[in-house]
1. Quick test for you: out of Ile375, Ile367, Ile387, pick the one residue that is in contact with a helix residue (DSSP H, G or I) (Cβ under 9 Å, 6 or more places away or on another chain) and under 24 Å from Gly467 (Cα atoms).
2. From the set of residues in segment 169-183 that are open to solvent by 10 Å² or more (accessible area, probe 1.4 Å) and part of a loop (DSSP other than H, G, I, E, B), which is nearest to Asn97 (Cα to Cα)?
3. Only one of Thr189, Thr155 is modelled with pLDDT of 95 or more, open to solvent by less than 20 Å² (accessible area, probe 1.4 Å) and over 21 Å from Thr370 (Cα atoms). Can you tell me which?
4. Could you look through segment 464-520, keep only residues that are open to solvent by less than 40 Å² (accessible area, probe 1.4 Å) and either among the aromatic types (Phe, Trp, Tyr) or in contact with a Cys (Cβ under 9 Å, 6 or more places away or on another chain) (or both), and pick out the one that is nearest to Val424 (Cα to Cα)?
5. Can Gly412 be described as open to solvent by less than 20 Å² (accessible area, probe 1.4 Å), outside the structural domain of Glu476 (by TED's automatic domain parsing) and at positive phi?
6. Just to verify a result, which residue in segment 344-388, among those that are aliphatic (A, V, I, L, M) and touching a Leu at 6+ places or on another chain (Cβ under 6 Å), is nearest to the ligand (Cβ to nearest atom)?
7. Does at least one position in segment 234-245 carry a residue that is within 30 Å of Met331 (Cβ to Cβ), acidic (Asp, Glu) and open to solvent by 20 Å² or more (accessible area, probe 1.4 Å)?
8. Which pairs turn up if I take residues in segment 551-568 that are closer than 18 Å to Thr429 by Cα and look for partners that are of a type in the set (Phe, Trp, Tyr) with beta carbon separation below 7 Å, at least 6 apart in sequence or on another chain?
Amino acid sequence: MKKRYLFILVTVLAVTACSSFRSGPKTEPAAEITTMAAFHAEMSGCQTCHADGSKVTVSDSENHENEQCVSCHGGYEKMANAALEFDPHTSHLGDINCTTCHKGHDAPQFYCNNCHSFNIEAMPFADVPKKAAWDRDWNQEAIQKAIAAGPVEKTDVVVVGAGSTGFNAALTAERKGAKIILFEKAPFTGGNSMLAAGGINAVGTPQQAKKGIKDSVDWFVEDTMKGGRYKNDEKLVRIMAEESADAVKWLESLGVNLDGLKRSGGARVQRTHAPANGASAGPQIIQTLRKVAKREHLDTRLNSRVEKLVLNDNREVVGVVVHGKHSGYYMVAADAVVLATGGYGMNKEMIAWYRPTFAKMTSSNNITATGDGIIMAKEIGASMTDIDWVQAHPTVGKDSRILISETVRGVGAIMVNTDGKRFVNELTTRDRASDAILKQKEGYAWLVFDEQLIAKKKMVRGYEHLGMLKKADTVEGLAKMTGMSALPETIKAYNAYQSTGKDLAFGRSDMPLNLTKPPFYAVRVAPGIHHTMGGVAIDPDSEVLDLQSWPIPGLYAAGEVTGGVHGFNRLGGNAIADTVVFGRRAGAHAAEYALKK
Ligand code: SIN
């Protein structure tokens, strides 16, 4: 049976079974029905999806509608369908809302195709693959009207953006006793953090002690400063290093497993903490934060884009204007606002302006990384730090938006050019590795590894599933398949270096694996925009600074929206450390400020 029909049949059976518990007429779907809304209305009326079919009001988060989907069809795990080649219901995005893709009254949106190019036809009432567009213009007239109408609600702290930074800020502020609203413009939470493959850098953890790894706050600071070309704000770096072990402990206390320890580029020892089973860290962290937020009834509003920071006559931040998917523009009064909106890696205009040489580069970022916080903070006179520093990650799958984690090299992969020759220390910093790749004659490279690595890094199975890997039983076979004629020689030499622990070619100090166990694999990689190091200037309390370096009262920021922590180049594993350490700091200071008012 064709996949498309199989999927629709399952849907019809599930809905029919469910509707027998509801009131209203049961009829077969008419042939001309073209939307999900019409299909469900035929069966039981609008209340199949909405709370009250006679007077439909839909909240921006669409919580009720999503709960209705799950109550009939089951959750993500139940919907997983082994018959599909790529099943969106087993996505790395985790348990996201049904209405992210399935639209009642519109054509469905294949949300995953914002990053992938799946040829998925199986969506009920599929029409054309539609992409989300978050970098559209803001409606200044509607914003001004909302301000003139005054606040419709009042809270202590508004947090803008529900990635790792936003969740950590909101949960911390709430524990301080503040009333919070967490706004997220996407139809589900997670931001860029949800895509973070590597892990969180920390020093002085039980994980490091167990492996006998000697490390220190000073080393963490030095590595980060050196990686950032000494352009980082050292005060901020030291805070991140000092509070990193506590950040790991906090995540673990919420339920995240961070027992795996690896080395990321630019770090002198293993300090990147990730799940023990080799899975990507970001999805696990976000899935846990989502669960905790739900359990603690954190007021989280989806499909709600904050588009303006509102100031009073004393130039204190006193609220925000929100653009809700269903509710339109409205103002919320707040004593403090935390910007946790992430970077601008997906805002083409900003990239072209600040880093024109990267204008045509692919990006590993979530489509929501459009620099909203930077734009809003600039509008009210915030100062920017290193705003034009953008990081290219050396190993984004060529012609894709899929990041091949640096930890794949950390665990043992080598990097070679199209002739099959190594050309750089694989674990150098990202800027150097990216430059080296771009200097190769084809402007791309291959990562090469064997079955031993796959056994250690579960995430690599995901790349295989996506059809990104070339695979052969022998090194010679892989060389032939990929045209890398020098590969057998290169691997022979590398294995010799690995056995003595001395890389005579490029001085790579960490070579955990040789390449001896078939099958052998290769994946094409090229640099892609990964992190925007610059952003809003903050002080150690996460207060946003104005052009004279005075704090803007009531405004806090943390994570990728800020500049200063990473200098000109961020080290792998420092982004999540930044989001947790400074997210918690921003939440705590914003709550204290708000509660004193
Ligand atoms: C990676 O795993 O390569 C990305 C992790 C990071 O950017 O910190």
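1. Answer to the check: Ile367.
2. So in segment 169-183, the residues open to solvent by 10 Å² or more (accessible area, probe 1.4 Å) come out as 172, 174-177, 179.
The next check asks that each one be part of a loop (DSSP other than H, G, I, E, B); those that pass are 176-177, 179.
Numbers: Lys176: 29, Gly177: 29, Lys179: 25 Å.
My answer is Lys179.
3. It is Thr155.
4. Tyr494
5. no
6. Per the stated criteria, the residue is Met376.
7. Taking segment 234-245 and keeping what is within 30 Å of Met331 (Cβ to Cβ), we get none.
No, the conditions are met nowhere in segment 234-245.
8. Gly567/Tyr230; Phe568/Trp389
The values are calculated or read from the model by the stated rules, or taken from the named source; none is laboratory data. Computed from a predicted model, the values in this text were never measured in an experiment. All Cβ positions, even for glycine, are placed from backbone atoms using ideal geometry, and neighbour counts span all protein chains on display. Calculation scope for accessible area: heavy atoms of the full protein, side chains included, ligands and nucleic acids excluded. Shrake-Rupley method; radii C 1.70, N 1.55, O 1.52, S 1.80 Å.
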